[in-house]
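Take a look at the structure below.
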Amino acid sequence: MQSWIPLVPDSASTVSWKVDALYFYLSGVTLFFTLLISGTLIFFVIRYRRRTPYEIPRPVAGSHKLETVWTIIPFIIAMTMFAWGVTVYFDQYKPPQNAIEVYVVGKQWMWKLQHATGQREINELHVPVGRKIRLIMTSEDVIHDFFVPAFRTKADVVPGRYTTMWFEATKPGQYHLFCAEYCGMNHSGMTGTVIVMEPRDFDNWLSGNTGSTTPATAGQQLYQTLGCASCHGANGEGGRGPALVGTFGSQVNLASGGTVTADEGYIRESIVNPQAKLVAGFGPIMPTFQGQVTEDQLVQLMAYIKSLHPPGTQTPAATAPSPSPSRAVNAPSPTQNIK
């Protein structure tokens, strides 16, 4: 057991060193100016102290050059902080296209996670080292916050919408997962572990956890059960609703005259509040499914709609890991069981 407290947590992702570098730069600038200003203050107190009770100090004229220097230099330093921070921000919050997708649902007081290949986890997340992981997250109740200190990445998990974050682990190991937003009485117990594994070990873990229905397959079953196909035939044969093949990631023309990107948030809103953004050419006939489907079921429906793409094309983002040659059993892809 360590008898010392580390200055910073382990650095175990591709962006963690960037965050650390910015942090130490900000700390260094702060320390430098704190010492400079404090030292100057002490020097002035000693150098220009009143030596006799009736001493009158000499008049001091202002210096435009000095004022210009102490205005321009801090401005330049502040702009370097801003530019550096923006670069790190966009690196962290612009998910790559070729990422493994994992669905996350926060609930008082636990994390429910499901891989695109169907494996479910509670308060644990198994991922391979050296692969980009994209988390698609929502909450069943209150605002949570998914925070992995070793990866230097965190994002709010908000009820009623989807938020995303991504990371690429660089070192195998087990890393703490916290909820970084106060969410109720047992907030401090809403913890978990991210288990980063070598690709071979991760493939073996996937193979040993087969049998779970993929989100896309479960979404297809739910799609049929709810009667969605009567209006939204996958290829538009329903007639009363827009076709869903190739919808995800496309630009949708709205009845209001604008357009919207069909991302996870749009799909969710179209299910629970279909009148919010009507598709051009279709009337407001779809009922709301608010309260009729759970957040887990919404994730499944979204996964199914994402899996519908024209023949010969691929889904907008990779949703399953590419198996390594050593893998004994291939886990099913999200679209293998779709008829």
(message) For the stretch 147-167, give me each residue that is in contact with a Gly (Cβ under 7 Å, 6 or more places away or on another chain) and under 26 Å from Lys18 (Cβ atoms).
(response) Val157, Tyr162
(request) Among the residues of the stretch 261-282, write down those that are crowded, with 17+ Cβ neighbours inside 10 Å, of a type in the set (A, V, I, L, M, F, W, C) and either in a helix (DSSP H, G or I) or touching a helix residue (DSSP H, G or I) at 6+ places or on another chain (Cβ under 6 Å) (or both). (result) Ile267, Ile271
(message) Which count do you get for residues in the stretch 83-104 that are under 22 Å from Val157 (Cβ atoms), surrounded by fewer than 18 Cβ atoms within 10 Å (Cβ to Cβ) and over 11 Å from the mean Cα position of the chain (by Cα)?
(response) 5
(request) Kindly indicate which of Thr217, Thr213 is surrounded by 15 or more Cβ atoms within 10 Å (Cβ to Cβ), of a type in the set (S, T, N, Q) and either at pLDDT 85 or above or at positive phi (or both). (result) Thr217
(message) I'd like to verify a number: residues in the stretch 278-305 that are under 25 Å from the mean Cα position of the chain (by Cα) and free of Cβ contacts under 8 Å to residues at least 24 places away in the same chain, how many?
(response) 1
(message) Tally up the residues in the stretch 92-117 that are in a loop (DSSP other than H, G, I, E, B) and hydrophobic (A, V, I, L, M, F, W, C), please.
(response) 3
(request) Give just the number: which of (1) outside any helix (DSSP H, G or I); (2) closer than 26 Å to Arg268 by Cβ; (3) in contact (Cβ under 8 Å) with a residue 40 or more places away in the chain does Glu121 not satisfy? (result) (3)
(message) Checking the structure you have, find out if any residue of the stretch 119-140 is closer than 20 Å to Lys306 by Cβ and over 16 Å from the mean Cα position of the chain (by Cα).
(response) yes
(request) Check off (1) out of contact with any strand residue (DSSP E or B) (no Cβ under 6 Å at 6 or more places or on another chain); (2) of a type in the set (Lys, Arg); (3) under 26 Å from Ala21 (Cα atoms) for Lys107 and give me the number that stays unchecked. (result) (3)
(request) Scan Ile136, Ile143 and give me the residue that is farther than 24 Å from Tyr23 by Cα, surrounded by fewer than 16 Cβ atoms within 10 Å (Cβ to Cβ) and in contact with a strand residue (DSSP E or B) (Cβ under 7 Å, 6 or more places away or on another chain). (result) Ile143
(message) One residue is enough: does the stretch 60-67 have a residue meeting the conditions of a type outside the set (D, E, K, R) and at pLDDT 90 or above?
(response) no
(request) Output the residues belonging to the stretch 27-62 that are surrounded by 10 or more Cβ atoms within 10 Å (Cβ to Cβ) and part of a loop (DSSP other than H, G, I, E, B). (result) Tyr48
(message) For the condition charged (D, E, K, R), under 24 Å from Phe167 (Cβ atoms), touching a residue at least 12 places away in the same chain (Cβ under 8 Å) and touching a helix residue (DSSP H, G or I) at 6+ places or on another chain (Cβ under 6 Å), what is the one hit in Asp91, Asp10?
(response) Asp10
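The values are calculated or read from the model by the stated rules, or taken from the named source; none is laboratory data. Note that the coordinates shown come from a computational prediction; the quantities given were computed from them, not determined experimentally. Cβ coordinates were reconstructed from backbone atoms using ideal geometry, including for glycine residues, and neighbour counts include every protein chain displayed.
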